[in-house]
Structure formats: structure tokens, C-alpha cells
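Asks: Quick one: the structure is below, and I'll ask about it shortly.
What follows is calculated from the coordinates using simple rules that are stated; it is not laboratory data. These numbers come from a predicted model, not from an experiment. For neighbour counting, all protein chains shown are included, and Cβ atoms are generated from backbone atoms with ideal geometry for every residue, glycine included.
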Amino acid sequence: MSFVIYDLETSGLEAQWNVPLQAALIHAGPDLEPLGELSLRCRLPAHIVPSPGALLTTGIRPEQLEQAPLSSTEMLNIIAKALGSWAPATVIGYNTIRFDEEVLRHAFFTHLLPPYATQLNGHRRADLLTMVRAVAMLEPGASTVPLGATGKPSFKLGDICRANGIALSEDDAHDALADTKATLALFRHLREAAPAIVATMLGLADKAVANRMLAGGELLLLGGASRLTPVVGVTPNPTVATSWAAVDLTVDPADYLDLPAEEIVALFSQRGVRPIRTIKTNAQPILVRYEQGCHALQPEQQDLALYNERAARVREHAGFRSNLATALANRFADRELSPYPEATLYGGGFLSNEDARACALWHASPWEDRAAISVGFGDERLKAFANRLTLLEAPQTLPPAAWQKGQAWLRDRLTTEGDVPWLTLPKALSEVAILRQTLPGDDAGRHGHLDAIERWLSEQNRFFQLAA
């Protein structure tokens, strides 16, 4: 199987309200030899205010937000087509499952593209940060994890690369193509330094492997950020097949076995040691058999007889398994669906096959024909996104009344003083003031960059205030 290594630089950190501004993808063969490469930049969509902190980190200047060669829709279409043409592959990046993947999913969703493109057509998802952590726990001598400024291990991509002889300067970091090339080089290093662990982790990119391990009732070790925990799988979520519950075997089951479902729910988020762990089997968990990783446990943790006894008590308690399954299913039952369609990817239901085909037709059609296609969407969220994209990218195709309504929406979206979950121009200007206080006084380059960001935000704010 081939690999797709990628990285995104984004307008901000919250996936629902931000988009990629820069993307780089490298298609590599089974031996990690490059087969193809993409490096893309797009313009900022007019309804999104970029995070000043994100611009400062990535080095993206305000003029680049307006002068990039592609629109957001055009860039995302290129990414989606590349993922389709390079399938099947293992799609991998550094901290991508927790961040880049979420931004890409939500951006695809709001741009009428398949949200789960990295899991279609035989694709599997992996994360090199997870693999670095697995190697650090299971074979610590195989690679170097440096200490950061606080004296704690640093897993930042640049720090890890430099500690292992891979060039990635601070000036190059946060450029999507530089980060992608460094990720590929680090992947090669790990495969050479710890081949068995990397092979295990690549196997776990297939959700079926983790599902089978958890369903087998055997003693396992679950890796977190820095340590391994002995666990045994108990039950999948009845409503989400890729979400499993396991129990921490360092905790005496007597503390929770006879609890009713409503009290078990509280155990998922209690402070201190949590007796119940939820595992996303489609997110490449660090999950190994006890005998494969017990050497990495502290001596006082290596109590195989105790763990087997506790695992047996859990397996034999049918009432607990039933109550835990109910608790999993009801865990977020009282969570209200957001009134904003961008934030409903997970709570608003999957798109139908009919709507997916209609979205593909929408993208393949001239702008003049797209309004008629979007009317036929069965999902109201897609209609809202189609109207928004037409306003942002083809306003000339809108009737005058629809254009005026869209402009009023855009002004309110950007300048409202209301309590909204996205970043507005007034909020961004306040963030600039806070950032300025945190920058060293002698860092002229970053102060100049922040000045340029503030001028651009102020100009945008004045423009929309005057238009109102």
C-alpha cells in the first residue's frame, strides 16, 4: 500500500470555524519513495476571520490571504481529487488525526465535498506523532525525544526532527511543504530504527485490527501521551461501532462493577485515574498485547496475576457490560445540536448517497446551473453551504435581492458584538492587543508582522462598519 503524507496550515485552531490556507501532500510508494507532490495556497474565504496568533505562528502575511492563486473551494477540490486518485493509501501526517484531519473534514463538509475522504476508497488513517510516542514508550533507545524549555520531553515536529538528525529549522517550520517533507523523513527514520513497532502501529491504522483486539477479551496495554496502562476491552458503543470502552486494570473493579449506568457515565471524565477508557479504533490507538509491551511498565506495575484476576471479574460480570454499553450510548444524549450548520458534522447525521451524488454534480456544473442543483439537496445544511459558496465565489449569479441578503449576513457574521462561537473582527483586534503584550520587545520581525495583521483587520472592520 502507498502513503499520502500531508500537512495543513490553517486560519485558526477550531475546526468548525476555520479552513486550510496552505496544504502540501506527498504521494509515496511502499518504500516511501516520492511518487507525486502538491503544494497549494488559497485565499481566505470572506466570511472567516483568521486568528492573529495562527498568522503569527505560520508566518502568513495579510496580503497572502488575498493574493493566493486559488479560492478555498478550488484548493479543497484539488486535495479531494488527489486523495481519490492516490487511493488506496495510508494517509499520514504529524498530529493530523487530532488537528489537520478535523479541519479538513469540516472544510470538506462546508464545501460540499466528502467529509470522510481520508477513509474512503480503501484509505486508512495514521498519525506519525502517535507512532513517535509509541516508539518512545516501547523502544526508547530507538529514537531521541529531546527536552523542551520546561525540562519535559518535547514532541514538537521541529524538535523531534532536529534531535534525530533531520533538518527543519524554526524558519521552515509551519510551512506546509517543509513540514510534510520533514514528516516523510522522520517516518523513514522510525521505520529503520524501530521496524517492529512501526509495523504494529501501521497495522492499527486499520480499525478492524483494534476492534478484534478489544473484542478478544485479552490483556492489553493502552498507550497515552507518555505511559502504558494495562486494560481489557469490555464493549463497543451500541451506536458508534468504532468507539470502545476498556477498563484500567490498575483500578480495583469492585469500585465500579455494580454501579448503575447513570453513575458509570461520570467515570468517563472523573478527575485522577479514570477506571474506564474510551478508545477510537479508527484513530490508530496505541494498543499492544501485554507480553509485547510489559517490559516498558514500571516494576511495580508488572503484576500479571493481578491484572488477569481483575480482567476475569470484569469479563464475567454481564450486568456491568450491559450498564457500560448503556452509559456509552447515553453519554452525550443531552447534548444540544448547534444552531450553526458548520458545527453539525458529527451531530447532524451522515449525508445520504443521493446528496453525495448531487454534491459531485454541483461541483462539476457551471455556476449558473448550481442553484437549481442545490434546491434538490435533501439535507438543509448543504443548501446553506451552497448558498454561502455562491455568495463568496460567484456573486454575479445571484439575483439582486439574494445578493443584498447575503451581504447583510456577511457584515453581521464579521462584525457582530454578540456571543458567537466563531472569531469576529472585533474579537481578533482584541487578540492582537493581548499578543502584543506577550511578544519580546526586541523581536522586531514579529512585531512588524503583528502590526500588519492589525492594520488589515482594522481596514476590514472599518469597511464593513461603513457598509452597514
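Asks: Please list, by residue number, every one of the GluC sites (Glu not before Pro) in region 275-341 that is coil in DSSP and has at most 16 other beta-carbon atoms within 10 Å. Could you put the intermediate results ahead of the total?
Replies: Values: sites: Glu291, Glu300, Glu309, Glu316, Glu336; in loops: Glu316, Glu336.
Those satisfying the criteria are Glu316, Glu336.
Asks: Over the chain, what is the mean sequence separation of C-alpha contacts under 8 Å (at least six apart), divided by residue count, expressed as relative contact order in percent? Show your work: numbers first, answer last.
Replies: Numbers: 709 pairs, mean separation 71.2, N = 468.
RCO, the chain: 15 percent.
Asks: To continue, here is another question. What is the extension gain from Lys152 to Arg455, computed as 0.36 nm multiplied by their sequence separation minus the C-alpha to C-alpha distance, in nm to one decimal?
Replies: Values: separation 303, 0.36 × 303 = 109.08 nm, distance 3.78 nm.
Answer, rounded to one decimal: 105.3 nm.
Asks: Which whole-Hz couplings ³J(HN,Hα) result when phi for each residue of region 71-78 is put into the Karplus expression 6.51 cos²θ - 1.76 cosθ + 1.60, θ = phi - 60°, listed in order with x for Gly and Pro?
Replies: With the stated coefficients, region 71-78 comes to 7, 4, 4, 5, 5, 5, 5, 5 Hz.
Asks: Tell me whether the chain comes out rounded, prolate or oblate; compute the Cα gyration tensor, take square roots of the eigenvalues as a ≥ b ≥ c, and use a/c under 1.5 as the rounded threshold. Please report the intermediate quantities before stating the final value.
Replies: Numbers: a/c = 1.77, a/b = 1.46, b/c = 1.22.
It is prolate, given that a/c is not under 1.5 and a/b is the larger ratio.
Asks: I've got another one for you. Subtracting the Cα-Cα distance from 0.36 nm times the residue separation, let me have the gained length for Ala193 to Ala312 in nm, one decimal. Let's see the in-between values first.
Replies: On the way: separation 119, 0.36 × 119 = 42.84 nm, distance 3.69 nm.
Extra length available between Ala193 and Ala312 comes to 39.1 nm.
Asks: What share of all Cα pairs of region 206-330, in percent, falls into each consecutive 5 Å distance bin?
Replies: 2, 12, 23, 26, 22, 13, 4, 0
Asks: Now for a separate question. Below 8 Å between Cα atoms, with a sequence gap of 6+, how large is the relative contact order for region 206-330 in percent? Each step should come with its number before you reach the end.
Replies: Working: 191 pairs, mean separation 41.8, N = 125.
Normalised by residue count, the contact order of region 206-330 is 33 percent.
Asks: Okay, next question. Which FRET efficiency value, to the nearest 0.05, do you get for Glu66 and Gln437 by plugging their Cβ-Cβ distance into 1/(1 + (r/R0)^6) with R0 = 30 Å? Please list the in-between numbers first.
Replies: Numbers: r = 28 Å, r/R0 = 0.93.
Efficiency, rounded to the nearest 0.05: 0.60.
Asks: Using a/c under 1.5 as the rounded threshold, could you call region 2-196 rounded, prolate or oblate? The axes a ≥ b ≥ c are square roots of the C-alpha gyration tensor eigenvalues, and prolate needs a/b larger than b/c, oblate otherwise.
Replies: Details: a/c = 1.96, a/b = 1.33, b/c = 1.47.
Oblate, since a/c reaches 1.5 and b/c is not below a/b.
Asks: How far, in degrees from 0 to 90, does helix 101-110 lean away from the longest principal axis of the Cα atoms of the chain, to the nearest 10?
Replies: 40
Asks: Here is a further query. Give me the number: length gained by fully extending Ala384 to Ala215, i.e. 0.36 nm times residue separation minus the C-alpha to C-alpha distance, one decimal in nm.
Replies: Working: separation 169, 0.36 × 169 = 60.84 nm, distance 4.13 nm.
Here the segment from Ala384 to Ala215 would lengthen by 56.7 nm.
Asks: Taking H placed 1.01 Å from N in the peptide plane, check which residues at least 5 places from Ser11 or on another chain put their amide H under 5 Å from its amide H.
Replies: Val19, Leu21
Asks: Can I ask one more? Just to confirm the number: angle between the C-alpha axis of helix 444-467 and the first principal axis of the chain, 0 to 90 degrees, nearest 10?
Replies: 60
Asks: To the nearest 0.05, what FRET efficiency results for Arg227 and Gln404 with a Förster distance of 60 Å applied to their C-beta separation?
Replies: Values: r = 58 Å, r/R0 = 0.97.
According to the calculation, E is roughly 0.55.
Asks: Related question: Tell me the Rg and the Dmax, in Å, that the Cα atoms of region 156-223 produce.
Replies: Just the Cα atoms of region 156-223 yield Rg and Dmax of 15.8, 49 Å.
Asks: When the helices in the chain are scored as -39500 (n - 2.57) per DSSP H run of 4 or longer and the sum is shared across all residues, what 222 nm value do you end up with, to the nearest 500 deg cm²/dmol?
Replies: On the way: 19 runs with 216 residues, N = 468.
Rounded to the nearest 500, it is -14000 deg cm²/dmol.
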